[in-house]
Amino acid sequence: MINLRKVTIEDADYILNIRNDMKIRTTSGVNEVVSREKHRIWLNQFLQSENNFYFIGEFNNERIGVVRFQPFNNLSNISEVSISIYPQEYQHKGYGRCLLIKGIEFLKKNTNIEGIIARIRHNNETSLNFFKRNHFTLFSKDHEFLFLKLKIE
């Protein structure tokens, strides 16, 4: 069974490895390598906001990935989701879906979030298919990203 726990600053190096992984960088919102110092500053700021939620997924006491929620365009009732499964040997085994479901369960119980947005680069077919399989629907796009949404009920 997947356990979801809140990220702490002690998880900074694990998350930095995810952010700087070449495969993840090419399909995520931030493409450049992030320094350890900049990452720690960003993570501290992210964790201090009561509107941000960041979780580590663990299976058999091993970290298998992260799921992150933050306000979308400063809307208090819409959250943007980001999921990364890492290391790569855990990908394509259903862990992403588990993290998404458990994250949504948390939001339902503890927030007034009404919808979730996934922002996906046009070249990220894996994420696009993942979110479509999980009932997200396309509602907008620009020159760089597709935006899919899911209503929380």
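Here, each number is a calculation from the coordinates, and none is a lab measurement. Here the structure is a predicted model, which is why all the values come from computation and not from measurement. Please note: Cβ atoms are built from the backbone with ideal geometry, for glycine as well, and neighbour counts cover all protein chains shown.
Once a ≥ b ≥ c are taken as the square roots of the eigenvalues of the Cα gyration tensor of the stretch 36-153, is the result rounded (a/c under 1.5), prolate (a/b larger than b/c) or oblate (a/b not larger than b/c)? Note, shape of the stretch 36-153 comes out rounded.
Counting other Cβ atoms within 10 Å, keep those with at most 12, restrict to DSSP loop, and tell me which GluC sites (Glu not before Pro) in the stretch 1-98 are left.
Passing both the DSSP loop test and the Cβ count: Glu32, Glu50.
A cut-off under 13 angstrom between Cβ atoms defines the neighbours of Ser84, and their net charge, with Lys, Arg +1 and Asp, Glu -1, is +3.
Shape verdict for the stretch 1-64, please, from the Cα gyration tensor: rounded (a/c under 1.5), prolate (a/b greater than b/c) or oblate. Don't skip to the end; give the middle numbers.
On the way: a/c = 1.85, a/b = 1.21, b/c = 1.53.
Here the stretch 1-64 falls in the oblate category.
Lys-Lys pairs in the chain that are eight or more residues apart or on separate chains and whose Cα atoms lie under 20 Å of each other come to 18.
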